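The values are calculated or read from the model by the stated rules, or taken from the named source; none is laboratory data. Nothing here was measured: the structure is a model prediction, and the numbers come from that model. Backbone-built Cβ (ideal geometry, glycine too); neighbour counts: all protein chains shown.
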């Protein structure tokens, strides 16, 4: 009799130990089900009671304050909250089914006797949560900007080139003036709404002593100037007077590079 009791205790310990091990998988399933279904950037806090198998999940919704420049942010937040509230009724039984199916697949005997239950609640963010959301939003925007800069740098390096950039005499308002002339060639596959060129003024020793930026390609809503984008395979000639910008000591020698571009947004 004593032997059977010992064996029974060992089996119970093994069954419950295996169940405790599998609760980490249950935690992952519940979190993924919530994230995929809501599609929000909500903070998720989750706790599991391994005795009752009740999973309590709290979703802290992002505040509209993190998008102050977006006039629709508050409306979006309210709609998002309504949608998530409705989705919770779908998420809870769906996640419970998946949790209990996994329990059967993994032979979690304890979970078969005490099935998983998921309870989701929504929570308004406190000051600390708001700061976390703001920090994450800032990091996200910085990462997006960095990615855009990297894409632009690569396009400038591989898709654009300056040809025949030179100092020459041109005519402006009926009089001769020294200017910078050249050609931009778009050898890439994108249409550009802006190309900014930086011209460096060199002294007799070839040292840079000044600079001036020009935008030979610039598409604006105002329609000022040429206002024509630079399409793939197209070339753009440019010429600008240097009379008002050249510093003293300039040896009428220059260097030039493309420093900034903007891709034209595709019309849907």
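Numbers at a glance
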{"item": "Condition check for residue 162: surrounded by 12 or more Cβ atoms within 10 Å (Cβ to Cβ) and within 30 Å of residue 96 (Cβ to Cβ)", "result": "no"}
{"item": "Which numbered condition residue 164 misses (of (1) at positive phi; (2) at pLDDT below 90)", "result": "(2)"}
{"item": "Test: residue in the stretch 116-128 that is in a helix (DSSP H, G or I) and either under 30 Å from residue 216 (Cβ atoms) or touching a helix residue (DSSP H, G or I) at 6+ places or on another chain (Cβ under 9 Å) (or both)", "result": "no"}
{"item": "Tally of residues being within 15 Å of residue 46 (Cα to Cα), exposed (fewer than 14 other Cβ atoms within 10 Å of the Cβ) and modelled with pLDDT of 80 or more across the stretch 2-34", "result": "2"}
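Conditions (1) within 14 Å of residue 244 (Cα to Cα); (2) modelled with pLDDT of 95 or more; (3) surrounded by 14 or more Cβ atoms within 10 Å (Cβ to Cβ), marked per residue:
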residue: 169; (1), (2), (3): no, no, no
residue: 175; (1), (2), (3): no, no, no
residue: 182; (1), (2), (3): no, yes, yes
residue: 186; (1), (2), (3): no, yes, yes
residue: 192; (1), (2), (3): no, yes, yes
residue: 195; (1), (2), (3): no, yes, yes
residue: 199; (1), (2), (3): yes, yes, yes
residue: 208; (1), (2), (3): no, yes, no
residue: 212; (1), (2), (3): yes, yes, yes
